[in-house]
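Structure record follows, encoded as structure tokens.
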Amino acid sequence: MNKSLLAKAGVFLGALITFGSLGFMIIFILIKGVPYLKPSLFEWNYTITNVSLMPALITTLYVIGGALLIATPISIFTAIYLVEYADRSKPIVKLISMATDTLAAVPSIVYGLFGFLFFVLFLGFQFSLIAGILTTTIMVLPLIIRATEEALLSVGMPLRQASFALGAGKLRTIFSV
């Protein structure tokens, strides 16, 4: 039997097992979970008799929105500085880039533990919305910085030079091109 045919069969079998398991889990969750979806699950009031998801959903949206509101401008301007203005050969810029890459790889449970220890216990924010927002902000900062850096680096020099040749300034080129 040909080795490539054997390899294809192995890959196909692995994919079949993976997608079969995924399909089984989805069907199992739907069969067991759909009967419990009732309108009372999404009521505005959370009581002992009515365990509603709505307050948790709204709080999640607040945390995500607040974190993105804080993290987005900081991250974008940091990436613009690192790509466009900073001297890439300086040690501090290399250190910032390495720290950003390292922080992007940290598991979210570590950020949660840090947020609990620092914001909740040390700063005394208790279990509040601001503690969650600040923890989530710290968690998404490196991801947005890295994505923006890659987007800025993907713009080639000919496009930048064409923008400058048409009379656009550096900031206009950064934000438009």
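The values are calculated or read from the model by the stated rules, or taken from the named source; none is laboratory data. Bear in mind that the values here come from a model prediction, so they are computed numbers and not experimental data. Glycine gets a Cβ as well: all are built from the backbone with ideal geometry, and neighbour counts include every protein chain shown. What goes into the accessible areas is simple: the full protein's heavy atoms, side chains included, and nothing from ligands, DNA or RNA. Shrake-Rupley method; radii C 1.70, N 1.55, O 1.52, S 1.80 Å.
Side notes on the structure shown:
- Cα pair distances exceeding 22 angstrom across the range 21-124, given as percent: 62
- Coordinate range along principal axes, alpha carbons of the range 77-126, Å, largest first: 41, 20, 17
- Membrane-span-like helices in the chain (whole DSSP H runs, Cα extent of at least 30 Å along the helix axis, mean Kyte-Doolittle hydropathy of at least 0.0): 3-33, 54-80, 129-153.
- Cα-centre dipole for the chain with unit charges at Cβ (Lys and Arg positive, Asp and Glu negative), debye to 20: 420
- With the simple model of a label 7 Å out from the Cα in the direction of the Cβ, Ser176 to Leu22 spans 4.3 nm.
- Net charge of Cβ neighbours under 13 Å - reference Leu141; Lys, Arg +1; Asp, Glu -1: -1
- Projected onto planes of every orientation and averaged, the convex hull of the alpha-carbon atoms in the chain covers 19.4 nm².
- Local electrostatic count, Arg160, Cβ distance below 14 Å [Lys/Arg +1, Asp/Glu -1]: +1
- Packing-based order for 162-169, 7-14, using average beta carbon neighbours within 10 Å, highest first: 162-169, 7-14
- Accessible-area ranking of Tyr36, Tyr46, largest first, probe 1.4 Å: Tyr36, Tyr46
- Average Cα contact separation per residue, the chain, under 8 Å, 6 or more apart, as relative contact order %: 21
- Our helix-only sum for the chain, with -39,500 (n - 2.57) per DSSP H run of n ≥ 4 divided by its residues, gives a mean residue ellipticity at 222 nm of -23000 deg cm²/dmol.
- With a simple spin-label model that places each label point 7 Å from the Cα along the Cα-to-Cβ direction, the separation between Thr49 and Tyr36 comes to 2.1 nm.
- Relative contact order, whole percent, for the range 93-177 stands at 26, derived from Cα pairs under 8 Å and 6 or more residues apart.
- Subtracting the Cα-Cα distance of Ile130 and Ala56 from their residue separation scaled by 0.36 nm leaves 25.1 nm.
- The slack between Met157 and Leu95, meaning 0.36 nm per residue of separation minus the straight C-alpha distance, is 19.8 nm.
- The residues Arg172, Arg88, Arg146, Arg160, sorted by heavy-atom accessible surface at 1.4 Å with ligands and nucleic acids left out, run Arg172, Arg88, Arg146, Arg160 from largest to smallest.
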